[in-house]
1. Restricting to segment 310-321, give me the number of residues that are closer than 14 Å to Gly232 by Cβ and either out of contact with any helix residue (DSSP H, G or I) (no Cβ under 9 Å at 6 or more places or on another chain) or surrounded by fewer than 16 Cβ atoms within 10 Å (Cβ to Cβ) (or both).
2. Kindly indicate whether Ser134 is more than 27 Å from the chain's Cα centre (by Cα) and either more than 16 Å from the ligand (Cβ to nearest atom) or over 25 Å from Tyr61 (Cβ atoms) (or both).
3. What's the number of the condition Glu228 fails, among (1) at pLDDT below 95; (2) away from the ligand (no atom under 11 Å from the Cβ)?
4. Might you let me know whether segment 24-37 holds any residue that is closer than 16 Å to Leu66 by Cβ, in a loop (DSSP other than H, G, I, E, B) and under 23 Å from the mean Cα position of the chain (by Cα)?
5. Under 7 Å between Cβ atoms, which residue pairs at least 6 apart in sequence (or on different chains) link something in segment 206-220 that is farther than 11 Å from Phe341 by Cα with a partner that is exposed (fewer than 15 other Cβ atoms within 10 Å of the Cβ)?
6. Note down all Cβ pairs under 7 Å where the first residue falls in segment 137-156 and is within 15 Å of Leu26 (Cβ to Cβ) and within 16 Å of the ligand (Cβ to nearest atom), the second is hydroxyl-bearing (Ser, Thr, Tyr) and in a loop (DSSP other than H, G, I, E, B), and they're at least six residues apart or on different chains.
7. Would you tally the residues in segment 239-250 being closer than 15 Å to Gly294 by Cα and near the ligand (Cβ under 10 Å from one of its atoms)?
Amino acid sequence: MMNNNTLNATNILIFGATGDLAKRKLFPAFYNLFIDGRMPDNFNIIALGRSDHNDEYFRNYIKVNLEAFSRKNVTAEEWDSFQSHITYFQHQLDDESSYINLNQKLEELDSQFGMRGNRLFYLSIGPNFVATISNHIKKTSLASQADKDRIIIEKPFGYNKQSAIELNQLLSETFEEKQIYRIDHYLGKETVQNILAFRFGNSIFEPLWNHRHIESVQITVAEEVGVETRGGFYEQTGALRDMVQNHLLQVLCMVAMEAPLSLESDEIRDRKVDVLKSIRRIPADKVDYYAVRGQYGEGEINGKKARAYREEEGIAPDSNTETFVAVKFYIDNERWQNVPFYVRTGKKMKEKQSYITIQFKPLPHSTFSDTNPLSANRLIINIQPLMDIRLQFMTKKQGLSMALRPVEMIFDYFACKEDTPEAYETLLQDALEGDLTLFMRSDQVEEAWDVVTTIQEDWANKKAPFPNYDAGSWGPKESFDLVERQGHTWA
Ligand code: BG6
């Protein structure tokens, strides 16, 4: 199998290797990178877990999951060569001797490489374990080489601004900022990365990309799934922390940022931080006006009865956790003054659909009669499962009279290439290569928490009238009121 011989030999350590993310996303991503020849010539994946498994058992477990979740087929030959890179290592997160043993294991693996390999620590565990792991890594000098060792941390990064600051501080005692990869997988999605190309690689959109021409921006991330087996995690998290503070705000930054001077990672991240800093903070006494929360009750999705959130596994019968959020943000800068940015996300909604709508202003004056109502132009960037860009505009209907109708011009990714890499493939490859561009810097995470702080505090202190939307709907009525109040509609 061909591999990437420009990458250093690497030991990849996955904390939480028996968890959901590892089986659905991480192992499939490594496997696909491997098939594409993008893994280093020499690498090991060391799967860390509490249970006592042997390599054979764990490799089989991974194989079954690859068959279910891998983008590419699992063939006998490719699997055979991939599996030899996987090692299971029994490990207790809070036990120092476990880390000492791990160090020995790494030294053994390094001696097989014939050199001190790079070390990539992937923390696929809840935020409350990050400090413990980081402290142990420091004490046992597991990550002693700043140029070779990297740590990837899953979101949510902390619980709020203060805990994120503390976590950043603590991590900085063990790692330099250039070693810390705070992952937000939305940034790895092909369609999200394309926003940069679309905006700054063309001359025709950018002149219109401002408050003079744009009426509103909407970002919707709707999911059909509920909390599935993650009830315990989700009860502590809720949609604001799980989706808005990270994924939705990062997408918003891509839409709103100024042109970076180069593709240098800090330059791009600086421009994103500018946006986060310019987002108008919602006053503590106006949270109800700008933000809506919801929780699904029973309903029907695709003709099947769907349970209420409070009836899901691991959820309190009187849970106050939100499964839906809609917020209206403003960005106080020259480009975006007074343009509402509406964002919404929810679980168990009518369908899985993530998209951005750029709603242009209506014409100030129409040449056409009242019988020919004009729809204002709209640009829709479909993130998933549709992956396309649609420009809506008016044209003449074919025929003898001058009658108009709206039409769409579509750029469809699938028409170009059906097989798009998964977000985790892109991000893991970047981490192996040491490219931080698509990862969040400490100040980005802290600013993003700052943006939602008043909402978090207000909601934590008040009981909500839950459930307030049916599973299989588009969310609570208040979410529609939020946009309609200003003469807008969710597009
Ligand atoms: C994760 C959230 O970050 O993103 C999940 O924790 C959510 O709750 C998921 O379901 C959505 O990701 P995607 O790529 O399926 O849109």
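1. Selection size over segment 310-321: 3.
2. For Ser134, the condition - more than 27 Å from the chain's Cα centre (by Cα) and either more than 16 Å from the ligand (Cβ to nearest atom) or over 25 Å from Tyr61 (Cβ atoms) (or both) - is not met.
3. (2)
4. No, the conditions are met nowhere in segment 24-37.
5. That search, which allows pairs on different chains as well, returns His211/Gln337; His211/Asn338.
6. Within 7 Å, the pairs are Glu154/Ser124.
7. Final tally of qualifying residues: 4.
Okay, residues lined up against (1) in contact with a strand residue (DSSP E or B) (Cβ under 9 Å, 6 or more places away or on another chain); (2) closer than 23 Å to Val255 by Cα; (3) modelled with pLDDT of 95 or more; (4) buried (at least 18 other Cβ atoms within 10 Å of the Cβ):
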| position | (1), (2), (3), (4) |
| --- | --- |
| Asn372 | yes, no, no, no |
| Ser375 | yes, yes, no, no |
| Asn382 | yes, yes, yes, yes |
| Phe393 | yes, yes, yes, no |
| Gln398 | no, no, no, no |
| Thr420 | no, yes, no, no |
| Thr426 | no, yes, yes, yes |
| Asp430 | yes, yes, yes, yes |
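The values are calculated or read from the model by the stated rules, or taken from the named source; none is laboratory data. All values derive from a computational prediction rather than experimental measurement. No Cβ is skipped: glycine too gets one built from the backbone with ideal geometry, and neighbour counts run over all protein chains shown.
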